[in-house]
Amino acid sequence: MTLRLDDKWVWDSWPIDDPQGRHHLFYLQANRSLGDPHLRHMNPSIGHAVSDDFRTWEILPDAIAPREAPGWDDKTTWTGSVVQGPSGRYHLFYTGSCTGEDAKIQRIGRADSDDLINWERFGDNALVEADPRWYEKWDGTNWHDEAFRDPWVLPDPDGNGWHMLITARCNEGDAFSRGVVGHAWSPDLDTWEVRPPLSGPGKFGQLEVLQYVELDGVPHLVFCCGVSELHPEMHPDGQPGGMWLVAGTSLLGPWDLNRARRVDHESLYAARIITDIDGQQRLLGFSDIVHGEFVGEILDPVDIILE
């Protein structure tokens, strides 16, 4: 079975387990009544489902949607991650954009919950945005937006605060090589310091929906990149977009993106590595394009097979 909604498309998602071991999944969704699936990006909300096996899902109340009053996230609420903080509360870090900037500028903020069901925004302002010392700012020439989104938040392995991995672009180089692993650090999840990227430029225009994970004890980055954002001279002719993995030496890199390998799957996108019910690590993400048509549903967990 897949997580398919009759009335909504579903795409990017991010998981967290509750204390009872149930698997919660937060995901972007938009009404199929829009007609054109490309319109989903500017009409999203964040949905929520729970499962005991990553295959059969119970739909729960939506988490958040763009705010009604003018604000940094009054146009879109996009991809993020959820962590449980030291207080026991859950923190949903997500991407936002606003109507006043025509959704061109991406920033990162937070919502909080005691139960993973009921969410309240943390303040009225974004917590993190691109720092021009290291990251590309929107000027209407190099890229279609100011990429600073998809926060993946995790504790420092040595107990020194929290790290945020971010879809970002460096401020120099060829337009289709500027995709980097953006980075911010926090002592407490409330205040954030933007830091230099954890990779140099490489063969991707952007690295979407980043995740850090250890596979067989080896640090890995997981990300996705569409075919239209691949560097045209650094990929084989006909190379499709999709999911990518790259091995490294530590969370903080530096990561050599040119060593990334593609996952062998025709439509999987924006997937996260999860530990499946049999103890195996697999990818959980959505089905993007099949036979030229957008699908928009969460697939059952997929084996990690690299090209």
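The values are calculated or read from the model by the stated rules, or taken from the named source; none is laboratory data. No experiment lies behind these values; they were computed from the predicted model shown. Note that each Cβ is placed from the backbone with ideal geometry, even for glycine, and that neighbours are counted across all protein chains shown. The protein model used for the area step is the full one, side chains on, heavy atoms only, and it has no ligands, DNA or RNA in it. Shrake-Rupley method; radii C 1.70, N 1.55, O 1.52, S 1.80 Å.
Just need log10 I(q)/I(0) for segment 40-135 at q = 0.12, 0.23 Å⁻¹, Debye formula, equal scatterers on the alpha-carbon atoms, no solvent, rounded to two decimals. Ignoring solvent entirely, the Cα scatterers give -0.42, -1.22. Basic side chains Lys and Arg get +1 at the Cβ, acidic Asp and Glu get -1 at the Cβ, and with that the dipole of the chain about its Cα centre reaches some 380 debye. Here the Debye sum runs over all C-alpha atoms of the chain as equal scatterers in vacuum, and log10 of I(q)/I(0) at q = 0.10 Å⁻¹ comes out as -0.50.
Equivalent ellipsoid semi-axes for segment 154-198, as square roots of 5 times the alpha carbon gyration tensor eigenvalues: give them largest first, rounded to whole Å.
Each semi-axis is the square root of five times an eigenvalue, giving 25, 9, 7 Å.
When Lys and Arg each count +1 and Asp and Glu each count -1, what net charge do the other residues less than 12 Å away from Leu251, Cβ to Cβ, add up to?
On the way: positive: none; negative: Asp156, Asp158, Glu214.
Taking every Cβ under 12 Å from that of Leu251, the sum is -3.
Taking all protein chains as present, what is the carbon and sulfur share of the accessible area of segment 1-147, in % to the nearest whole number, probe 1.4 Å? Carbon and sulfur atoms account for 47 percent of the accessible area of segment 1-147. Summing Lys and Arg as +1 and Asp and Glu as -1 over all other residues whose Cβ lies under 14 Å from the Cβ of Glu297 gives a net charge of -1.
Under a model in which nothing but the beta-carbon of Lys, Arg (+1) and Asp, Glu (-1) is charged, segment 17-65 shows a dipole of about 220 debye around its Cα centre. Highest mean packing comes first when the peptides 167-175, 278-286 are listed by Cβ atoms within 10 Å, giving 167-175, 278-286. Hey, if you drop one equal point scatterer on each alpha-carbon of segment 205-307 and run the Debye formula without solvent, what base-10 log of I(q)/I(0) do you get at q = 0.23 Å⁻¹? Evaluating at q = 0.23 Å⁻¹ gives log10 I(q)/I(0) of -1.34.
Projecting the Cα positions of Val290, Val180, Gly123 onto the charge dipole of the chain (unit charges on Cβ atoms of Lys, Arg, Asp and Glu, taken about the Cα centre) puts Val180 furthest along the positive direction. Taking Lys and Arg as +1 and Asp and Glu as -1, the other residues whose beta-carbon sits under 12 Å from that of Gly85 total -2. A straight Cα-to-Cα reach below 24 Å connects Lys137 with the lysines Lys75, Lys104, Lys203, residues fewer than 8 places away in its own chain not being considered.
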